[in-house]
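The values are calculated or read from the model by the stated rules, or taken from the named source; none is laboratory data. Since the model is a prediction, treat every value here as computed from it, not as a measurement. Note: ideal-geometry Cβ built from the backbone for every residue, glycine included; neighbour counts use all protein chains shown. Areas reflect the complete protein model, heavy atoms only, side chains present, ligands, DNA and RNA absent. Shrake-Rupley method; radii C 1.70, N 1.55, O 1.52, S 1.80 Å.
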Amino acid sequence: MNILFLGPTDSSIYSILTAQGLKVALRSGPITPADCKGFDMLVSHGYRHILKDDILSLFGRNALNCHISLLPHNKGAHP
């Protein structure tokens, strides 16, 4: 399984995914639909950019956003 991970390299989720031997590509800047080719799943943790429908529609139910607080009350990068 090829996973596109969106977020910082020091994320604990990124460390867990790579430790499991999964094929993970890291992106921290803005992405385009072309950047998503060849990936089966998208995982976002601490990603500072809004993902538009054109990106999310490429993954269907295989997109996961991990948030460190309860939404919608504690939004943003530092809730």
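Side notes on the structure shown:
- Exclusive hit being in contact (Cβ under 8 Å) with a residue 12 or more places away in the chain and open to solvent by 30 Å² or more (accessible area, probe 1.4 Å), set 65, 74: 65
- Every pair of residues 6+ apart whose Cβ atoms lie under 9 Å, when the first sits in region 1-17 and is in contact (Cβ under 8 Å) with a residue 40 or more places away in the chain while the second is small (Gly, Ala, Ser) and assigned to a strand (DSSP E or B): 3/25; 5/25; 5/44; 6/44; 7/44
- Summed over region 1-35, the residues that are in contact with a Phe, Trp or Tyr (Cβ under 8 Å, 6 or more places away or on another chain), modelled with pLDDT of 90 or more and surrounded by fewer than 18 Cβ atoms within 10 Å (Cβ to Cβ) give a count of 5.
- Residues in region 41-62 that are open to solvent by less than 80 Å² (accessible area, probe 1.4 Å) and under 12 Å from the mean Cα position of the chain (by Cα): 13 in all.
- Candidate set: region 17-28, residues that are assigned to a loop (DSSP other than H, G, I, E, B) and not hydroxyl-bearing (Ser, Thr, Tyr); chosen: the one nearest to residue 1 (Cα to Cα): 22
- Single unsatisfied condition, residue 13 versus (1) outside any loop (DSSP other than H, G, I, E, B); (2) touching a helix residue (DSSP H, G or I) at 6+ places or on another chain (Cβ under 7 Å): (2)
- Scan of region 29-59 for residues that are in a loop (DSSP other than H, G, I, E, B) and over 22 Å from residue 74 (Cβ atoms), ordered by number: 29, 30, 31, 32, 37, 38, 39, 40, 52, 57, 58, 59
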